[in-house]
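Following this message is one structure expressed as structure tokens.
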Amino acid sequence: MRICVYGAASPTIDEYYKQEVKKLGLEMAKRGHSLVFGGGGHGLMGAVADGIHEGGGHILGVIPKFFNDENIEAVFENCDELIEPDTMRERKQIMEDNADAFLIVPGGIGTFEEFFEILTLKQLCRHNKPIAIFNINGYYQEMLEMLEQATVKNFIRGGCLDLFHISENIDELLAYIEKPAKEWKISELKDG
């Protein structure tokens, strides 16, 4: 299975997060999964790629040309394939098209944006791929509480929160992703 991992690229992240995400990459490779990711060599992007590489898994990196041209971010050196689109929008589309599932690890504004876009597309039945969140150290707890409040206040349909799985356990996350897909239809999403 090709798993797209969204996560932070910052090199200043606490080592604990990097260690946990590298373990995720190692376990993904052990289970025969490949990685689709943003191509960065630092932060949690670099950590998951390190784990996959160390475990002998296949890596597809997708990083816009301007990242390298403008020294925005170092490219992970051990990608089996590297695609360099012109724009961020193209990057996200290529990652989405090449993924069978999405796994979100802690990240910043770019990671939030990627998660919400892929969740919105699933709610709109544009894809039926599993989405899981690696909630290391409770990182996403406040976001989950915000989503629950938006549901209580009828800004988000209740069934939307069933379109993804959140856990701190790597085995549980990968087991969720590996399950056969459930068919989601907008009519099945509960109001409120």
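Every number in this text was worked out from the coordinates using simple rules, so none of it is lab data. A quick note: this is a predicted structure, and the numbers were derived from the prediction, not measured. Neighbour counts run over all protein chains shown; Cβ positions are idealised from the backbone, glycine included.
Search the structure for amide H atoms under 5 Å from the amide H of ILE83, placed 1.01 Å from N in the peptide plane, and list their residues when 5 or more places away or on another chain.
Amide H neighbours of ILE83, under 5 Å, 5+ apart: GLY61, VAL62, ILE63.
Which number gives the lysine pairs in the chain that have C-alpha atoms under 12 Å apart and are eight or more places apart or on different chains?
Lysine pairs satisfying the spacing and distance rule in the chain number 4.
With r as the distance between the Cβ atoms of MET143 and ASP69 and R0 = 41 Å, compute the FRET efficiency 1/(1 + (r/R0)^6) and round to 0.05. Could you put the intermediate results ahead of the total?
Values: r = 33 Å, r/R0 = 0.80.
Once the sixth-power term is evaluated, E becomes 0.80.
Roughly how far apart, in whole Å, are the Cα centres of region 145-164 and region 6-84?
Going from one Cα centre to the other spans 31 Å.
Can you check what the net charge comes to around GLU90, using other residues whose Cβ is under 13 Å from the Cβ of GLU90 (Lys, Arg +1; Asp, Glu -1)?
Values: positive: LYS65, ARG89, ARG91, LYS92; negative: GLU84, ASP86, GLU96, ASP97.
For residues surrounding GLU90, the net value is 0.
Oh, and also: Work out Dmax and Rg for region 43-121 from the C-alpha atoms and quote the Rg first, both in angstrom.
Rg then Dmax for region 43-121, in Å: 12.6, 33.
If you don't mind, there's one more thing I want to ask. For helix 15-30, report the angle its Cα long axis makes with the longest principal axis of the Cα atoms of the chain; keep it between 0 and 90° and round to the nearest 10°.
For helix 15-30, the angle is close to 90 degrees.
Let me ask something else. What distance in nm separates the simple spin-label points at HIS58 and PHE112, each placed 7 Å from Cα in the Cβ direction?
Rounded to a tenth, the inter-label distance reads 3.5 nm.
Taking θ as phi - 60°, what are the ³J(HN,Hα) couplings along region 156-165 by the Karplus curve (6.51, -1.76, 1.60), each to the nearest whole Hz, with x for Gly and Pro?
Each residue of region 156-165 in turn: 10, 5, x, x, 4, 6, 8, 7, 9, 10 Hz.
Further question: Only sites in a loop by DSSP and with at most 13 other Cβ atoms within 10 Å count here; which trypsin sites (Lys or Arg not before Pro) in region 105-158 make the cut?
Qualifying residues, ordered by number: ARG126, LYS153.
So, one more: So who's got an amide H within less than 5 Å of the one on HIS165, skipping anything under 5 residues away but keeping other chains? H placed 1.01 Å off N, in plane.
Distant-sequence amide H within range of HIS165: ILE131, ALA132, ILE133.
Give me the net charge of LYS65's neighbourhood, meaning all other residues with Cβ under 14 Å from the Cβ of LYS65; Lys, Arg count +1, Asp, Glu -1.
Taking every Cβ under 14 Å from that of LYS65, the sum is -4.
Quick check for me: using +1 on Lys/Arg Cβ and -1 on Asp/Glu Cβ, what's the dipole size of the chain about its Cα centre, in debye to the nearest 20?
Rounded to the nearest 20 debye, it is 620 debye.
May I pose another question? Quick check: the angle from helix 141-152's long axis to the longest principal axis of the chain, C-alpha only, nearest 10 degrees?
30 degrees
Convert each backbone phi in region 80-91 into a coupling constant with the Karplus relation 6.51 cos²θ - 1.76 cosθ + 1.60 (shift: θ = phi - 60°), then list the ³J(HN,Hα) values in order as whole Hz, x for Gly and Pro.
Those phi angles translate into 6, 9, 9, 10, 10, x, 7, 10, 5, 4, 5, 4 Hz.
How far is helix 43-54 tilted off the main Cα axis of the chain, in degrees rounded to 10, range 0 to 90?
70 degrees
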